[in-house]
Amino acid sequence: MATTGTLGAEERRTRLTAILERDGSIRLDDAAAELDVSSMTVRRDLADLEQLGLVRRVRGGAIPTLRPRTFTERSATGVREKGAIVEKLRSLIPTDGAIAIDASSTAGGISRLLGESTLTVATNSYPNFLLAGANREITAILVGGQAEPRTDSFIGPIACQAASSVLYRRFFLSAAAIDSTVGSSEVTLEEAQVKQAFARSSDETILVAASSKLGQRAMAVGFALADVDLLVTELDPTDPALDAYRDAVELL
């Protein structure tokens, strides 16, 4: 492997940012191979990106900074992982009744699975509301409240009250981070509160997240793993990366 490569520092950082958007995380050795530079060079570039607030370094690479991000920003990251997760969810969509979807782009992918369904779909996300409502057979409900432009969602007491006004067969949600000890966590307390309101009115809570979020902690407590019925990642359930979660929650 080349030790310096031919890319300048600015171009390398641009390429690393593109890898982050494409894969949802940066793996040190894989990025070094893709950029044809040394791992030490990538490590220095990640330190620069962390100083700019664009990434957070973790063992073996980096992940996006845990901060509120718009739906468009989130939709552009980890596209392959999200696609694999959504395919796993196909068999979990009820044929009747109501489901809830949070403001995540991962859970929002469920909209393309609904087909001729006559479900009621409630969400606190305007983009996810539009995706569900594009299917004329679906009754789409937008949970209102206080607009949160940083995440394209609705939060606050009115949103929580509206979220708990329907009884759901299943609630599909993602999280900013998932830790084997504390469970899921969010970048803002208000986002966590709306998700908890949805869950209180749901028969089952399905947590969906790319594996890059595992082993991480954000600011606001979301759900203990004991309160989650199923954890769905893009990984095979037997993958060793899931060992820390295996005894705490059912895996798919």
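Given N residues in the range 117-193, what is its alpha carbon radius of gyration divided by 2.2 N^0.38 Å? Don't skip to the answer; put the middle values down first.
Values: Rg = 13.3 Å, N = 77, 2.2 N^0.38 = 11.5 Å.
Ratio of Cα Rg to 2.2 N^0.38 Å: 1.16.
Under the definition of Cα pairs under 8 Å and six or more residues apart, what whole-number percent is the relative contact order of the chain?
Values: 513 pairs, mean separation 37.2, N = 252.
It rounds to 15 percent for the chain.
Placing +1 on the Cβ of each Lys and Arg and -1 on the Cβ of each Asp and Glu in the range 1-120, which of 60, 107, 26 has its Cα farthest towards the positive end of the resulting dipole?
Checking the options against the dipole of the range 1-120, the answer is 60.
Give a quick list of GluC sites (Glu not before Pro) in the range 64-139 that DSSP marks as loop, anything other than H, G, I, E or B, with at most 12 other Cβ atoms within 10 Å. Don't skip to the answer; put the middle values down first.
On the way: sites: 73, 81, 87, 116, 137; in loops: 116, 137.
Hits after loop and neighbour filter: 116, 137.
What are the trypsin sites (Lys or Arg not before Pro) within the range 16-78 that DSSP puts in a loop, where the Cβ has at most 12 other Cβ atoms within 10 Å?
On the way: sites: 22, 27, 43, 44, 56, 57, 59, 69, 74; in loops: 59, 69.
Counting only loop positions with at most 12 other Cβ atoms within 10 Å, the trypsin sites (Lys or Arg not before Pro) in the range 16-78 are 59.
Let me know the Kirkwood hydrodynamic radius for the range 107-252, please, with Cα pairs as the basis and the value in Å to one decimal.
Details: mean 1/r = 0.0639 Å⁻¹.
That comes to 15.6 Å for the range 107-252.
What do you get for the angle between helix 9-23 and the principal long axis of the chain? Use alpha-carbon atoms, 0 to 90 degrees, nearest ten.
30
Out of every Cα pair in the chain, what percent are spaced more than 35 Å from each other?
Details: 5358 of 31626 pairs.
The answer is 17 percent, as a whole percent.
Accessible area per residue, 1.4 Å probe, Å², for the chain: what's the number? Let's see the in-between values first.
Details: 11810 Å² over 252 residues.
Result: 47 Å² per residue.
Net charge around residue 83, counting only other residues with Cβ within less than 12 Å of its Cβ (Lys, Arg = +1; Asp, Glu = -1)? Show your work: numbers first, answer last.
Numbers: positive: 80, 82, 88, 90, 112; negative: 81, 87, 234.
Counting the neighbours of residue 83, the net charge comes to +2.
Which semi-axes, in whole Å and largest first, does the equivalent ellipsoid of the range 52-117 have when worked out from the alpha carbon gyration tensor as the square roots of 5 times its eigenvalues?
Numbers: eigenvalues 172, 33, 17 Å².
The equivalent ellipsoid of the range 52-117 has semi-axes of 29, 13, 9 Å.
Using a probe of 1.4 angstrom, how much of the accessible area of the chain is carbon and sulfur, in percent? All intermediate terms of the calculation are to be shown ahead of the outcome.
Working: 6060 of 11810 Å².
The computed percentage sits at 51.
With only Lys, Arg, Asp and Glu charged, each at its Cβ (+1 for the first two, -1 for the last two), find how big the charge dipole of the range 34-151 is about the Cα centre; round to the nearest 20 debye. Mind dumping the intermediate values first?
Details: 15 positive and 13 negative charges, 60 e Å.
Value, rounded to 20: 280 debye.
Using just the helices of the chain, give the 222 nm mean residue ellipticity in deg cm²/dmol: DSSP H runs with n ≥ 4 each add -39,500 (n - 2.57), and the total is spread over all residues, rounded to 500.
Numbers: 9 runs with 83 residues, N = 252.
About -9500 deg cm²/dmol.
For labels at residue 58 and residue 91 in the simple 7 Å Cα→Cβ model, what's the distance in nm?
Each label point lies 7 Å from its Cα, and together they span 2.8 nm.
With the Cα gyration tensor of the range 145-189 giving a ≥ b ≥ c as the square roots of its eigenvalues, does the rule (a/c under 1.5 for rounded; else a/b larger than b/c for prolate; else oblate) give rounded, prolate or oblate?
Values: a/c = 2.34, a/b = 1.27, b/c = 1.84.
Taking the square roots of the gyration eigenvalues as a ≥ b ≥ c, the range 145-189 is oblate.
When the chain is modelled as a GNM with alpha-carbon springs shorter than 10 Å, which of 33, 218, 197 fluctuates the most?
In the Gaussian network model the winner is 33.
The values are calculated or read from the model by the stated rules, or taken from the named source; none is laboratory data. Predicted, not measured: the structure shown is a model, and the values here were computed from it. Heads up, the Cβs are rebuilt from the backbone with ideal geometry, glycines too, and the neighbour counts pull from every protein chain shown. Side chains included, ligands, DNA and RNA excluded: accessible areas come from the protein's heavy atoms. Shrake-Rupley method; radii C 1.70, N 1.55, O 1.52, S 1.80 Å.
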